[in-house]
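Asks: Sharing a structure here in structure tokens format.
Bear in mind that the values in this text are calculations on the coordinates, not laboratory data. Computed from a predicted model, the values in this text were never measured in an experiment. We place every Cβ from the backbone using ideal geometry, glycine too, and count neighbours over all the protein chains shown.
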Amino acid sequence: MLTNPDADEASHTERVMSTALEQLESAALSLARSGPIKERLAEAYRNHLALVNAEELPAALHAEFRACHDALTRERPLRGEDAVRATVRKMSSQQADEVACCVVRLFAAMAREAAAETAVTRPEVLDAALTNGSGGVIGAAGANGSTGANGSAGANGSAGARVLRKGVSQVIELCAAEA
């Protein structure tokens with residue numbers, strides 16, 4: 001099997017993130033790794049959240065982002081540490097969990113926003129998302145054999161309105177396909 005050493009090396013190094021969505025995704029992934037929550041939280045902030053420009057976020061997320069930022073930088077550092085290290089050091093594990101949840105919620109909200117924006121600007125991406133990339137209707141028929149837009153029947157078996165519900169991984173895939 002032939003391998004490309006440059007590709008192997010690139011897969012082991014993080015690429016420079018350029019957008020708020022990418023930074024929030026990386027922060028959420030940092031939090032999902034193993035290790036003590038306080039260390040993961042400090043790493044997520046230093047390597048990703050600190051690089052997010054709040055102005056790149058939708059206006060509805062500004063306050064939550066600032067609250068998260070403030071929650072991670074509120075303590076005065078001791079000699080040889082920064083505000084993040086001092087703050088995380090003084091946090092309980094429960095407080096660290098709550099801030100980590102805030103980061104994940106920010107990422108999810110940003111991903112939803114990006115998916116909605118993509119759906120408006122690129123209807124073919126929304127169509128592919130609605131059909132799970134199958135190019136057609138999938139699902140089970142209702143009691144009378146008719147199906148809704150997503151292939152599933154409403155309560156009475158008649159065609160119903162489609163509700164778009166995607167998991168985070170599917171939203172990430174949609175965003176990656178767009179890039």
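Asks: What does the extension gain come out to for ARG112 and ARG33, with contour length at 0.36 nm per residue minus their alpha carbon separation?
Replies: Here the answer is 26.2 nm.
Asks: Between ALA63 and ARG46, what is 0.36 nm times their sequence separation minus the Cα-Cα distance? Round to one decimal in nm. Could you put the intermediate results ahead of the total?
Replies: On the way: separation 17, 0.36 × 17 = 6.12 nm, distance 1.97 nm.
Separation in residues times 0.36 nm, less the Cα-Cα distance, equals 4.1 nm.
Asks: Additional query: Pop the C-beta distance of SER93 and ASP70 into the FRET formula with R0 = 22 Å and round what comes out to the nearest 0.05. Spell out each step's value before the answer.
Replies: Numbers: r = 20 Å, r/R0 = 0.89.
The value I calculate is 0.65.
Asks: Can I ask one more? With θ set to phi - 60°, apply the Karplus curve 6.51 cos²θ - 1.76 cosθ + 1.60 along segment 50-67 and write out the HN-Hα couplings as whole Hz, x wherever there is a Gly or Pro.
Replies: 5, 8, 7, 8, 4, 5, 7, 7, x, 3, 5, 9, 4, 5, 5, 5, 5, 5
Asks: Right, here's the next one. Where does the charge balance sit around LEU21 when Lys and Arg score +1, Asp and Glu -1, over other residues with C-beta under 10 Å from its C-beta? Don't skip to the answer; put the middle values down first.
Replies: Details: positive: none; negative: GLU22, GLU25, GLU56, GLU113.
With Lys, Arg at +1 and Asp, Glu at -1, the net is -4.
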